[in-house]
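Asker: The structure that follows is given in the form of structure tokens.
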Amino acid sequence: MNEWMQQHPASIGGLVLWAIGLLWLMPSGKSDKARPGLPGILLAAAGVVAFCLGAGRGVDTLQSEVMFWSFALTALVCGALMITSRNPVYGALWFALATLGTCGLFMLQSAPFLAAATVIVYAGAVIVTFLFVIMLAQQTGSAGYDRRGQFGIPAVLSSFVLLGVVVYELQSAPLQINRPETPKVAEVGGASGSRDGGTMTSPPALPSPDAPINPPPPPSVPALLSRATPETPVGSMKGLGRSLFGDYLFAVELAGTILLVASIGAIAIAPRREEGAL
Amino acid sequence: MSEITPLNYEELRSLMVAAGLFVLGAIGFLTRRNLILLVLSAELMLHGVSLSLVTFGKIHQNQEGQAFTIFVLTVAACEAGLALSLVLALYRQTHSLDIRLWSELREFDVPSPVSVDAAGASSLTSGYEGIPMLTPAGVQPRELPKTVNADPKRPDRTPV
């Protein structure tokens, strides 16, 4: 523990700064006049930067660095603003921005299809529905329960202790990954070999046509179609489709059933006009 | 064939951002009192989990992380739909989105988890002070408080 604290001062300082920024931004409700938010935002952003710098440095390519920092800052700072906004409408909009940042990070982790799907589902559908409900249910502006949180300090302290433990585990005893030989395709540029989605980074290097295709190692798990191959690198539509409709076909059917049941349930639960409008 | 190496810094910081998103969602879930913001905070936690899954999938060169994330997305969409209709149904009964109004569901002999002073006296009043807050069923009560009637021009439309 002590060794870790000496080796990673950036992580500790980042966590502390971030927590202080969050506590500053938290709605206190003592008076209607809110604190100015800018110092809290700056503290939280500085904390996020220091926290991420604790992972180590190194420049892969300039584009990927710039994109990682902008996306990570967007996701985490907008998340902090979302959970501390006094107006739920602004909270929902900050959540949309945090979703966009997360989708950028998906893109960097070679998941372009997932990034697009998340933007469509969350920013397109979920946020609009939330905004409709907020406008239906809360037409009089911010209410008293929005201007005043509960358990602010204990919640922030315990949650950041949890985050510190996770980061300690990740940094002090790094996971030993058994890396297969094939990932050469997806490592370059971080945007995978899919030509349809990874347009934001440098174009990935395609495998040379005479590259030997390794025979797959003996299966330790039954999911065979999910493994990345040079033809289907991680995140490519073809590989994802093979995984979903090969290994996880039953799960896809179950997901469809869950969607059906949930939509029927939502219609059944929602209040109807003759029972009393809002 | 394969080599065993520790995480490099890109994977490490992606996992750390994912953990940060999860913790932010947890803080929001614990500290906010608006029902809608609670659901949104749960969605933020799901974002953190999804980012972790995608990163693990890339680390192990496996499509399973992204396949699982698609299922997470599906369940999150179901959850959002159900949660919003529940929020509307709950709002119909109290005309407020305060989560503390629903601490009344506990047993009678269990003390309230939050003292009234900390909650603020004004926030604990609902529009249905006089009548028991059960699910409306059967014949409607004849007299309702004035404030409950949402539309005074049409007294025949009562919100219960």
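Asker: Working only within the stretch B:75-94, note down all residues that are more than 8 Å from chain A (Cβ to nearest Cβ) and of a type in the set (Ser, Thr, Tyr).
Answerer: Across the stretch B:75-94, the qualifying residue is only B:Thr94.
Asker: What residue, of A:Val128, A:Val59, is more than 10 Å from every other protein chain (Cβ to nearest Cβ), surrounded by fewer than 17 Cβ atoms within 10 Å (Cβ to Cβ) and either in a loop (DSSP other than H, G, I, E, B) or touching a helix residue (DSSP H, G or I) at 6+ places or on another chain (Cβ under 7 Å) (or both)?
Answerer: Every option except A:Val59 fails the conditions.
Asker: May I ask you to list the residues in the stretch B:10-47 that are more than 7 Å from chain A (Cβ to nearest Cβ), surrounded by fewer than 24 Cβ atoms within 10 Å (Cβ to Cβ) and of a type in the set (Gly, Ala, Ser)?
Answerer: If the condition is that a residue be more than 7 Å from chain A (Cβ to nearest Cβ), surrounded by fewer than 24 Cβ atoms within 10 Å (Cβ to Cβ) and of a type in the set (Gly, Ala, Ser), then B:Ala42 is the only one that fits.
Asker: Next up: Out of A:Leu259, A:Leu278, A:Leu254, which single residue is surrounded by fewer than 19 Cβ atoms within 10 Å (Cβ to Cβ), modelled with pLDDT of 90 or more and at the interface with another protein chain (Cβ under 8 Å from one of its Cβ atoms)?
Answerer: A:Leu259
Asker: Which condition number does B:Ser85 fail, the rest of (1) surrounded by fewer than 23 Cβ atoms within 10 Å (Cβ to Cβ); (2) in contact with a strand residue (DSSP E or B) (Cβ under 9 Å, 6 or more places away or on another chain) being met?
Answerer: Against the list (1) surrounded by fewer than 23 Cβ atoms within 10 Å (Cβ to Cβ); (2) in contact with a strand residue (DSSP E or B) (Cβ under 9 Å, 6 or more places away or on another chain), B:Ser85 comes up short only on (2).
Asker: Might you let me know whether the stretch A:148-156 holds any residue that is outside any loop (DSSP other than H, G, I, E, B), closer than 30 Å to B:Gly65 by Cα and not aliphatic (A, V, I, L, M)?
Answerer: Taking every residue of the stretch A:148-156 in turn, none turns out to be outside any loop (DSSP other than H, G, I, E, B), closer than 30 Å to B:Gly65 by Cα and not aliphatic (A, V, I, L, M).
Asker: Could you list all residues from the stretch A:84-106 that are in contact (Cβ under 8 Å) with a residue 60 or more places away in the chain and touching a helix residue (DSSP H, G or I) at 6+ places or on another chain (Cβ under 7 Å)?
Answerer: A:Thr84, the sole residue that qualifies.
Asker: Right, something else. What do you reckon, is A:Pro27 touching a residue at least 12 places away in the same chain (Cβ under 8 Å), in contact with a strand residue (DSSP E or B) (Cβ under 9 Å, 6 or more places away or on another chain) and either among the small types (Gly, Ala, Ser) or surrounded by 19 or more Cβ atoms within 10 Å (Cβ to Cβ) (or both)?
Answerer: Judged against the criteria, A:Pro27 is not a match.
Asker: Taking into account only those residues within the stretch B:64-73 that are more than 7 Å from every other protein chain (Cβ to nearest Cβ) and modelled with pLDDT of 90 or more, which is surrounded by the most Cβ atoms within 10 Å (Cβ to Cβ)?
Answerer: B:Phe68
Asker: From the list A:Leu81, A:Leu76, exactly one residue is in contact (Cβ under 8 Å) with a residue 12 or more places away in the chain, under 17 Å from the mean Cα position of the chain (by Cα) and facing chain B (nearest Cβ under 9 Å). Which is it? Step through it out loud before you land on a result.
Answerer: Details: A:Leu81 fails: facing chain B (nearest Cβ under 9 Å).
Every option except A:Leu76 fails the conditions.
Asker: Among the residues of the stretch A:139-153, is there at least one that is at pLDDT 85 or above and touching a Leu at 6+ places or on another chain (Cβ under 8 Å)? Full working, then the answer.
Answerer: First, the residues of the stretch A:139-153 that are at pLDDT 85 or above: A:153.
With the extra rule that they be touching a Leu at 6+ places or on another chain (Cβ under 8 Å), the set shrinks to A:153.
Yes, that holds for at least one residue.
Asker: Same structure again: Pick out the one residue from A:Val66, A:Val48 that is among the β-branched types (Val, Ile, Thr) and at pLDDT below 85.
Answerer: Within the list A:Val66, A:Val48, the selection yields A:Val48.
Asker: Can A:Leu93 be described as in a helix (DSSP H, G or I), surrounded by fewer than 21 Cβ atoms within 10 Å (Cβ to Cβ) and in the same structural domain as A:Phe68 (by TED's automatic domain parsing)?
Answerer: For A:Leu93, the condition - in a helix (DSSP H, G or I), surrounded by fewer than 21 Cβ atoms within 10 Å (Cβ to Cβ) and in the same structural domain as A:Phe68 (by TED's automatic domain parsing) - is met.
Asker: Filter the stretch B:51-63 for residues that are in contact (Cβ under 8 Å) with a residue 24 or more places away in the chain and surrounded by 24 or more Cβ atoms within 10 Å (Cβ to Cβ); which is nearest to A:Thr118 (Cα to Cα)?
Answerer: B:Leu51
The values are calculated or read from the model by the stated rules, or taken from the named source; none is laboratory data. As the structure is a computational prediction, the values presented were derived from the model and not from experiment. Cβ: placed from backbone, ideal geometry, glycine included. Neighbour counts: every protein chain shown.
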